[in-house]
Each structure stands twice: as C-alpha cells, then as structure tokens.
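The values are calculated or read from the model by the stated rules, or taken from the named source; none is laboratory data. What you see is a predicted model, and the numbers here were worked out from it, not measured in a lab. Every residue, glycine as well, gets a Cβ built from its backbone with ideal geometry; the counts of neighbours run over all protein chains shown.
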Amino acid sequence: MIKVYVPRDSTALSLGADKTAQAIVAEAQKRGVEIELVRNGSRGLFWLEPFVEVATDKGRVAFAPVQPKDVPSLFDADFLHAGAHPLNLGLTEELSWLKKQQRLTFARVGITDPVSLDDYIAHDGYKGLTNALKMSGADIVKTVTDSGLRGRGGAAFPTGIKWNTVLNAPADQKYIVCNADEGDSGTYSDRMVMEDDPYVLIEGMTIAGVAVGATQGYIYLRSEYPHALKVLNEAIEKANQAGYLGENIRGSGKAFHLEVRRAAGAYVCGEETSLLESLEGKRGLVRFKPPLPAIEGLFGKPTVVNNVISLATIPIILDKGAQFYADYGMGRSRGTLPIQLAGNLKQGGLVELAFGATLRELLYDFGGGSATGKPIRAVQVGGPLGAYLPESQFDTPLDYEEFSKIWAVLGHGGIVAFDETVDMAKMARYAFEFCAVESCGKCTPCRIGSTRGVEVMDKIATGKDHTKNIQLVRDLSDTMLNGSLCALGGMTPYPVLSALNHFPEDFRLNKKEVAA
Amino acid sequence: MTTVLTSQEKARIDAQIQAHREMPGALLPVLHAIQDDLGYVPEEAYPQIAHALALSVAEVHGVVTFYHHFRRHPVGKHVLQICRAESCQAMGSEKLEAHIKSTLGIDYHQTTADGAITLEPVYCLGNCACSPAVLMDEELHGRVDSHKIAEIIQEARAAS
C-alpha cells in the first residue's frame with residue numbers, strides 16, 4: 001500500500017493539514033485507491049505546509065503546499081506514483097533547503113510518525129540509551145562534557161559540568177527537569193521536538209537520569225502548546241509500556257519515571273529557579289543563587305535543569321560519541337544549533353546547522369529575504385531579551401562568543417526579521433512593556449524599572465526634554481542590566497539599547513548625538 | 001463579578017482536588033484541572049483548595065493571580081488568543097488585533113455579548129514561521145488575515 005505523509009505538527013495544522021489529510025483520504029476512497037496515511041512530523045519547511053509526501057521506490061516525493069482543492073488534480077496527475085504536477089517538488093531529500101542542513105538533533109524530525117515507538121527505534125532511536133546503560137554515570141557525564149554541548153536554552157552553560165555537579169551531590173532523591181517553557185518569540189524548535197520526535201527527548205532525559213542517579217523527571221511544558229502535551233503524554237505511556245521508562249529500564253535494574261507538568265503562561269518561569277518554584281506549586285518567583293539547583297533544586301534536592309534541545313541532543317552524542325558531535329561547530333561553540341527563522345521572512349522554518357553560519361546566509365539563502373519584499377531592516381536574535389541587529393551586523397557568524405563580542409546573544413536560536421516599516425523606538429518600548437507584564441516582582445530594578453522604562457519611552461515619543469530622557473533610558477538600562485536578579489530584568493536592556501544605538505533615527509536622534 | 005457556585009460545580013471542583021491532591025507540588029495541577037473543567041478558577045473554591053493542600057487561602061490566591069493562564073472569571077464558549085509577540089508584530093499583528101477587537105466589539109479579557117467568544121492576549125504560540133498566529137480554544141491558526149479570522153470566528157460561532 002502506498003504511504004502518504006501529511007504532517008501533524010502544529011504549524012502544519014495551523015495551515016490546514018487536517019483538512020488536507022481528510023481530503024486525500026476521501027478522494028482515495030472515492031476512486032477506490034488504497035493508501036496508508038501517516039501523520040508525520042514536519043520537515044520544517046513551514047512556508048510550504050501542508051507539505052505532503054508520497055513514498056516511492058526512489059524515496060519520498062514532496063507535493064507542497066497542498067490545499068484540499070488541489071487534491072483531485074493530484075490524483076488525476078497520479079501523484080501516488082510521483083506524477084508531474086505543479087506542486088511536485090521532487091525528492092524531499094534532494095531539496096536544497098534540507099540538503100544544506102546538518103541535522104543531528106533533528107535527524108528524525110519530519111521523517112517518522114512521532115508517536116510510533118517502532119518508527120523511532122527503526123530510525124536509530126534508543127541506541128544512545130543502550131550504550132549509556134552499559135556505562136558508569138561518570139563515563140556518561142564525561143562523554144557529554146567532551147562533546148562540548150552547551151545549554152541550548154539561552155545561557156550556554158556546559159551541560160556536562162552541570163550534570164557532574166548533580167552526579168557528585170549525594171542525595172536520596174535527585175531530579176531531571178526539562179525546561180519546555182519555550183516562551184521566546186521566534187522560537188519553536190522545542191515545540192517541534194516534542195510534537196515531531198518526542199521519544200528523543202524522553203530518551204535524553206532517561207540518559208540524564210541514569211547518568212546522575214535521578215529516578216524522577218518532569219517536563220515543564222508551556223500551557224500554550226496543547227498539541228505537544230498530547231503527543232508527549234501518548235509517547236510517555238508507550239515508552240512505559242515497552243519498558244523504556246519505569247522501575248526497570250530495559251532490564252537494567254535502573255528506574256526512571258517521567259511526567260509532564262503544565263506551566264501557566266508566565267514567561268519568567270523559563271528561568272530555572274522560577275521554574276522550580278512553579279513545579280513546587282508556588283508563584284514563580286526567582287530564587288537567589290547560590291545554592292545552585294544542581295545542589296538544592298526541586299524540593300531541595302539536586303536537580304538537572306536542561307532545555308528541550310540540550311536533552312534531545314544527548315541521544316545522538318551517546319550513540320555516535322563525543323568526538324562525532326564536537327567535530328561540528330567553531331571555537332567554543334561545538335555541534336549544531338537548530339535555528340528558527342521567523343517574522344517577516346519569505347521562507348520561515350527550521351534550519352539545523354553547525355555553529356558558524358552567518359545571519360546573512362540564514363536570512364537570504366534559507367529565509368529567501370523578507371515576506372513583504374521590502375528590505376530587511378532589523379533582526380532580533382535570541383527572543384524578546386535579545387539584541388536587535390542592523391544590516392551591518394548580518395555577517396556575524398552564529399557562535400556564542402562572536403555574538404557576545406557585538407553585545408548580542410544567540411539564546412535559543414530564534415531569528416525574527418523585520419522589514420523597513422518597523423519602528424524601533426516602538427520595539428524598545430515593547431521590550432520594557434513585556435518585562436513589566438512578565439516580571440516576577442522579586443527585585444526592584446526589573447519590577448519598577450520596566451514600568452519606568454515604558455513611561456520614559458512614551459515621553460521620548462513626544463520629543464519633550466529629549467536629551468534628558470534618552471540619558472534616562474540609558475541610566476535605567478544600566479541599573480536593570482547590573483542590578484536585576486535574573487535575565488528578565490537583566491537582559492531587557494539588550495533590545496532597548498541595541499535599538500537605540502543602531503537605529504537612533506527612530507528615537508528622533510542622529511548618529512552624532514548617539515556617539516556623544 | 002461574583003458568582004455563586006452550584007452544588008454540582010462544587011462537587012466537580014472537589015473531584016478535581018481529590019484526583020490531583022497527592023501529586024508533589026499539587027497546586028498547579030489542581031488549578032489546571034479546575035480551569036479545564038469549569039473554564040476558570042472561581043474565588044469561592046480557594047478555601048476548599050487551600051484546605052485540601054494545607055495551604056493558606058492567601059497562598060492559593062497568590063498563585064492564581066501570578067500566572068496569566070489562570071482566569072478568575074467565567075469565559076465565553078470559546079477563547080480566542082491573539083499572539084502579541086515580536087514575530088507576529090513583524091507580520092502586522094497589531095493591525096489584526098485592532099481589527100479583531102473592533103469586529104467583536106470587545107477588548108482583551110472581555111466576552112462578546114452573545115457569550116460566544118472571550119478575547120485574550122498571548123505571548124507566543126510557537127507558530128512564528130507563519131505569523132501572525134491566533135489560537136481558538138486548542139486550534140492554532142497561522143498567517144491570519146482579516147479574511148481568515150472572519151472564517152475562524154464564524155466557525156466557532158456556528159459550533160457554539
């Protein structure tokens with residue numbers, strides 16, 4: 001029976017994938033043709049969703065974007081045998097957008113049926129765990145350290161070092177917590193992993209548990225991701241049934257239990273200590289550090305808190321070895337980064353590449369330039385707390401250190417493009433507004449500073465006492481940058497000051513005034 | 001707005017509390033369960049929740065009010081969330097917001113006169129490659145324009 005793939009990823013669904021799938025099944029029935037419909041994950045070419053594929057003996061052939069009205073003509077053109085049709089894009093694997101990528105963490109995404117454990121195993125799934133179960137905890141941690149993997153959530157802290165602290169912290173109970181509170185605008189790689197390849201996250205967390213001696217894991221998932229919740233729960237249940245989770249993982253005598261917990265729409269809970277408070281059932285107030293969560297984390301016990309992408313990258317490292325992963329990348333940024341193209345781009349989607357590609361390559365070679373056809377004026381990298389970069393900085397390579405040299409952050413790898421219609425003073429105001437809405441309220445610079453920031457930006461817009469108010473924004477930013485307890489208040493100055501410094505004309509300033 | 005819970009609603013709340021109270025850090029799961037069931041977390045239920053979890057009423061109130069997701073008032077039959085984050089702004093979400101507000105005749109956190117739709121802002125739906133995005137109940141929509149939103153609203157009203 002011919003296999004037809006129609007993605008079940010949220011973005012595909014948001015563009016009508018369910019209706020497309022129904023139309024294909026109905027048309028096949030009408031014509032008496034037998035097909036097997038597979039609801040796979042998305043390949044990440046989101047501008048082409050619903051992205052339909054047909055399995056042929058030469059490989060999978062893509063037809064995209066397919067709307068229900070296209071379905072009869074696809075059958076007429078014998079698309080089930082890769083027939084010629086305006087929507088026929090040829091072999092999926094040969095599409096240059098995919099061919100140019102280096103997919104390690106996303107190796108299976110879009111290829112498999114996300115909730116099929118058999119499919120996962122048939123595509124190299126659980127090889128990493130099989131290796132890990134034969135190793136000592138210290139050896140697993142050493143492999144992760146040697147791979148050079150750094151936290152993909154934003155702070156870029158070496159994952160292996162975090163794990164080592166937990167490994168060496170004696171306790172009767174330890175925890176693995178996955179930070180799946182992906183709240184950054186312009187990011188969706190966590191969502192894709194959870195919806196499109198959930199077992200890779202489950203496997204990564206299980207390996208983490210085995211490595212540091214933790215028997216309980218929690219996935220703290222955004223409440224805004226209803227589809228991810230369903231997929232994760234289904235996958236966890238199947239992994240339990242098959243002995244990949246539970247009291248005795250694959251007969252190893254080791255236990256690991258996993259549970260999804262829903263967040264409740266607080267951006268600050270992406271900060272690890274605030275997240276732990278929330279998991280404990282409290283207001284998500286940021287904790288003072290020390291103690292580090294690795295020593296006293298969830299319920300006061302040693303806890304590994306890692307982002308989805310960090311954990312989802314563990315299986316391939318344990319499968320292919322530390323060196324295999326470390327061979328990708330540049331400088332101290334080893335391996336690959338799943339980059340998310342968003343905002344005003346013609347071709348938005350997921351691009352996984354070794355560190356080192358430039359913004360320009362991503363915006364134009366992959367992104368195809370702006371969706372509106374107007375010049376790209378600014379891009380924000382790394383979420384709402386990331387800096388805005390002007391065209392003159394588009395040749396910066398994606399590398400943690402290179403970005404920090406230009407006072408920018410790579411964060412979670414989200415790139416949001418804006419065309420020339422953007423008002424950067426408005427975006428700076430928005431950054432303060434966002435901080436005011438989301439501040440947990442524990443520290444003064446963030447709680448009060450953000451509200452004062454909105455007010456000053458409103459004054460700047462009127463032009464009154466202009467020089468004084470610009471200075472006030474700089475002073476306020478300095479206080480927030482150096483005096484906030486966590487990154488929310490501490491990084492709000494990134495979008496604010498980068499907008500002010502790179503786009504002074506939007507603040508009723510000329511370049512000379514800025515230099516002064 | 002004060003509401004008086006029916007005895008049936010009280011029983012439903014109690015059932016949700018009983019089903020989740022033994023979980024470590026049970027308060028958020030309990031609140032989610034109640035909101036999933038009733039559409040909001042009634043203030044009247046705070047003492048019941050507090051008692052079951054050995055918390056003070058103030059602590060329950062503190063948690064409910066801290067998180068944007070939890071609602072303290074009943075909502076319409078459908079909840080429409082509009083993404084206000086940067087990626088959607090880059091694709092004209094502000095115009096869309098204004099259009100939706102004027103079409104429905106309501107602002108954020110309000111419900112249409114016919115009780116069909118409650119409007120809420122949201123910061124990122126993770127659909128940033130196809131901005132602007134909205135979420136109608138649990139159904140995500142991408143590349144939303146005035147034409148598409150009219151269809152979405154009409155479908156929701158027809159279903160209610």
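Evaluated against (1) modelled with pLDDT under 95; (2) within 10 Å of chain A (Cβ to nearest Cβ), B:His73 falls short on exactly one condition, (2).
Which of the residues that make up the range B:38-68 are facing another protein chain (nearest Cβ under 10 Å), under 17 Å from the mean Cα position of the chain (by Cα) and outside any helix (DSSP H, G or I)? Scanning the range B:38-68 gives B:Tyr67, B:His68. Given the conditions (1) more than 8 Å from chain A (Cβ to nearest Cβ); (2) assigned to a helix (DSSP H, G or I), and given that B:Cys88 satisfies all but one, which numbered condition is not satisfied? Condition not satisfied by B:Cys88: (1).
Are there any pairs, at least 6 apart or on different chains, whose C-beta atoms fall under 7 Å, with the first in the range A:369-381 and more than 20 Å from A:Ala425 (Cβ to Cβ) and the second among the β-branched types (Val, Ile, Thr), and if so, which? Note: pairs meeting the criteria are A:Gly369/A:Ile376; A:Ser370/A:Ile376. Test A:Val305 against the criterion of being more than 14 Å from chain B (Cβ to nearest Cβ), modelled with pLDDT of 95 or more, within 22 Å of the chain's Cα centre (by Cα) and within 28 Å of B:Val64 (Cα to Cα), and give yes or no. Taking the combined requirement at face value, the residue satisfies it. Residues that are under 30 Å from A:Gly368 (Cα atoms) and touching a Ser or Thr at 6+ places or on another chain (Cβ under 9 Å) were ranked within the range A:425-452; the one that is farthest from the other protein chains (Cβ to nearest Cβ) is A:Ala428.
One residue is enough: does the range A:202-215 have a residue meeting the conditions without any contact (Cβ under 8 Å) to a residue 60 or more places away in the chain, surrounded by fewer than 24 Cβ atoms within 10 Å (Cβ to Cβ), in the same structural domain as A:Phe299 (by TED's automatic domain parsing) and of a type outside the set (Lys, Arg)? Taking every residue of the range A:202-215 in turn, at least one turns out to be without any contact (Cβ under 8 Å) to a residue 60 or more places away in the chain, surrounded by fewer than 24 Cβ atoms within 10 Å (Cβ to Cβ), in the same structural domain as A:Phe299 (by TED's automatic domain parsing) and of a type outside the set (Lys, Arg). The residues of the range A:13-58 that are buried (at least 24 other Cβ atoms within 10 Å of the Cβ) and out of contact with any helix residue (DSSP H, G or I) (no Cβ under 8 Å at 6 or more places or on another chain), listed by number, are A:Ala17, A:Ala21.
Among the residues of the range A:27-47, those identified as within 20 Å of A:Asp197 (Cα to Cα), among the hydrophobic types (A, V, I, L, M, F, W, C) and within 24 Å of the chain's Cα centre (by Cα) are A:Leu45, A:Phe46. Where strands (runs of 3 or more DSSP E) fall entirely within the range B:99-150, those with at least 2 residues that are touching a strand residue (DSSP E or B) at 6+ places or on another chain (Cβ under 9 Å) and either at pLDDT below 95 or not aliphatic (A, V, I, L, M) (or both) are at B:117-122.
The single condition from (1) of a type in the set (A, V, I, L, M, F, W, C); (2) touching a Leu at 6+ places or on another chain (Cβ under 8 Å); (3) within 21 Å of A:Ala107 (Cβ to Cβ) that A:Ala156 fails is (3).
Yes/no matrix, rows are residues, columns are (1) under 27 Å from the mean Cα position of the chain (by Cα); (2) assigned to a helix (DSSP H, G or I):
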site: A:Val422; (1), (2): yes, no
site: A:Tyr430; (1), (2): yes, yes
site: A:Lys459; (1), (2): no, yes
site: A:Leu472; (1), (2): no, yes
site: A:Leu481; (1), (2): yes, yes
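With respect to B:Gln81, determine if the residue is at pLDDT 95 or above, surrounded by 19 or more Cβ atoms within 10 Å (Cβ to Cβ), within 14 Å of chain A (Cβ to nearest Cβ) and in a helix (DSSP H, G or I). Against the criterion (at pLDDT 95 or above, surrounded by 19 or more Cβ atoms within 10 Å (Cβ to Cβ), within 14 Å of chain A (Cβ to nearest Cβ) and in a helix (DSSP H, G or I)), B:Gln81 does not qualify. Select from the range A:144-195 the residues that are farther than 22 Å from A:Thr215 by Cα and part of a helix (DSSP H, G or I) and write down the one among them that is farthest from the other protein chains (Cβ to nearest Cβ). Result: A:Asp146.
Here A:Gly356 does not qualify as within 15 Å of A:Pro338 (Cβ to Cβ) and within 13 Å of chain B (Cβ to nearest Cβ).
Here are some residues: A:Leu149, A:Leu245, A:Leu221. Which one is at pLDDT 95 or above, in contact with a His (Cβ under 7 Å, 6 or more places away or on another chain) and aliphatic (A, V, I, L, M)? The conditions single out A:Leu245. For the range A:437-446, state whether one or more residues are of a type in the set (Asp, Glu), buried (at least 18 other Cβ atoms within 10 Å of the Cβ) and either modelled with pLDDT of 95 or more or farther than 25 Å from A:Val286 by Cα (or both). Yes. Here is the figure for the range A:294-329: residues that are outside any helix (DSSP H, G or I) and either in contact with a Lys or Arg (Cβ under 8 Å, 6 or more places away or on another chain) or in contact (Cβ under 8 Å) with a residue 60 or more places away in the chain (or both) total 13. Using the structure shown, decide if A:Phe288 is surrounded by fewer than 19 Cβ atoms within 10 Å (Cβ to Cβ), more than 9 Å from chain B (Cβ to nearest Cβ) and within 26 Å of B:His69 (Cα to Cα). Yes; evaluated as a whole, the condition is true for this residue. Cβ separations smaller than 7 Å between residues 6+ apart or across chains give no pair from the range A:44-60 residues that are on the phi > 0 side of the Ramachandran plot to residues that are modelled with pLDDT under 95 and among the small types (Gly, Ala, Ser).
Determine if the range A:97-120 includes at least one residue that is without any contact (Cβ under 8 Å) to a residue 60 or more places away in the chain, under 27 Å from A:Ala371 (Cβ atoms) and either within 14 Å of another protein chain (Cβ to nearest Cβ) or not acidic (Asp, Glu) (or both).
Yes, the conditions are met somewhere in the range A:97-120.
Close Cβ contacts (under 8 Å, 6 or more residues apart or on different chains) running from residues in the range A:18-38 that are within 14 Å of A:Val71 (Cα to Cα) to residues that are of a type in the set (Asp, Glu) comprise A:Ala28/A:Glu34. When the residues of the range B:42-92 are filtered to those that are among the basic types (Lys, Arg) and in contact with an Asp or Glu (Cβ under 8 Å, 6 or more places away or on another chain), the one that is farthest from A:Leu385 (Cα to Cα) is B:Arg72.
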